[in-house]
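The values are calculated or read from the model by the stated rules, or taken from the named source; none is laboratory data. Here the structure is a predicted model, which means the values were calculated and not measured. Neighbour counts are summed over all protein chains in view; Cβ atoms, including those assigned to glycine, are modelled from backbone coordinates with ideal geometry.
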Amino acid sequence: MLEGVPFILTTPQEEGISLDVEETGHTFEENAALKARAFAAASGLLAIADDSGLEVDALGGEPGVLSARYAGPEASDVDRVRYLLSKLEGIEWDRRGARFRSVIAVAEPEGTIELFEETCEGVIALNPEGEGGFGYDPIFHLPSLGKLMAELSMEEKNSISHRGGAARKAAAYLKRAAVSG
């Protein structure tokens with residue numbers, strides 16, 4: 001998703017960095033910034049991190065920043081999907097609006113940070129279907145395509161997803177930053 005940025009892309013593992021940054025923020029922005037700043041400080045390099053999750057209107061925005069831990073810290077993707085569907089039991093289709101939200105943070109070693117956000121709107125399906133994707137993809141219905149996120153190819157998903165959109169914004173910023181300085 002960052003193809004074409006005028007930087008050499010590397011990973012923490014390639015740089016010999018092993019950090020487990022605790023996501024203590026109350027927003028996607030805070031968590032993405034925490035992770036990006038920690039890796040930028042540890043590496044002395046520009047660092048990119050994201051925080052993403054699902055927000056369901058009928059649940060007041062839950063699971064939100066707790067998306068990965070929604071059904072408990074040891075829960076699997078299947079467990080989280082089942083738990084979310086149980087909380088939506090009896091909720092009519094027209095009240096099951098939801099969105100995936102992604103925030104990508106780009107941090108410089110001295111702490112300067114830029115944030116890029118994107119959402120992907122949809123509806124929570126009644127039952128999981130599809131073989132692709134991960135997390136909540138099997139229950140995230142895209143009305144504009146008439147498909148679940150889990151039914152899309154990786155190329156289709158990246159072209160419309162919250163993470164793909166935020167990554168494109170971050171890539172455009174990185175391209176501009178490389179030109180200006």
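Quick check on segment 72-109: of everything there that is surrounded by fewer than 20 Cβ atoms within 10 Å (Cβ to Cβ) and among the aliphatic types (A, V, I, L, M), which residue is farthest from GLY122 (Cα to Cα)? So the residue we want is ALA75. If you check VAL21, VAL5 for being under 15 Å from ALA107 (Cα atoms), in a loop (DSSP other than H, G, I, E, B), β-branched (Val, Ile, Thr) and in contact (Cβ under 8 Å) with a residue 12 or more places away in the chain, only one passes: VAL21. Collect the residues in segment 143-181 that are basic (Lys, Arg), assigned to a helix (DSSP H, G or I), touching an Asp or Glu at 6+ places or on another chain (Cβ under 9 Å) and without any contact (Cβ under 8 Å) to a residue 40 or more places away in the chain, keeping them in residue-number order. Of everything in segment 143-181, just one residue is basic (Lys, Arg), assigned to a helix (DSSP H, G or I), touching an Asp or Glu at 6+ places or on another chain (Cβ under 9 Å) and without any contact (Cβ under 8 Å) to a residue 40 or more places away in the chain, namely LYS157.
Within the option set ASP79, ASP94, being over 25 Å from ILE160 (Cβ atoms) and of a type in the set (Asp, Glu) holds for one residue only, ASP79.
Taken together, GLU118, GLU131 contain a single residue that is outside any helix (DSSP H, G or I) and modelled with pLDDT of 95 or more, which is GLU118. With the condition kept exactly as written, say whether any residue in segment 115-133 is of a type in the set (Phe, Trp, Tyr) and surrounded by fewer than 16 Cβ atoms within 10 Å (Cβ to Cβ). No, the conditions are met nowhere in segment 115-133. For segment 1-34, taking the residues that are of a type in the set (Gly, Ala, Ser) and exposed (fewer than 15 other Cβ atoms within 10 Å of the Cβ), the one that is modelled with the lowest pLDDT is identified as GLY4. It is to be established whether one or more residues within segment 155-165 are touching a Phe, Trp or Tyr at 6+ places or on another chain (Cβ under 9 Å), of a type in the set (S, T, N, Q) and crowded, with 20+ Cβ neighbours inside 10 Å. There is at least one residue in segment 155-165 that is touching a Phe, Trp or Tyr at 6+ places or on another chain (Cβ under 9 Å), of a type in the set (S, T, N, Q) and crowded, with 20+ Cβ neighbours inside 10 Å. Yes or no: segment 57-68 includes at least one residue that is crowded, with 19+ Cβ neighbours inside 10 Å, under 30 Å from LYS175 (Cα atoms) and touching a His at 6+ places or on another chain (Cβ under 8 Å). Yes, segment 57-68 has at least one match. Scanning segment 76-87 for residues that are under 19 Å from PRO138 (Cα atoms) and either assigned to a loop (DSSP other than H, G, I, E, B) or polar (S, T, N, Q) (or both) turns up at least one hit.
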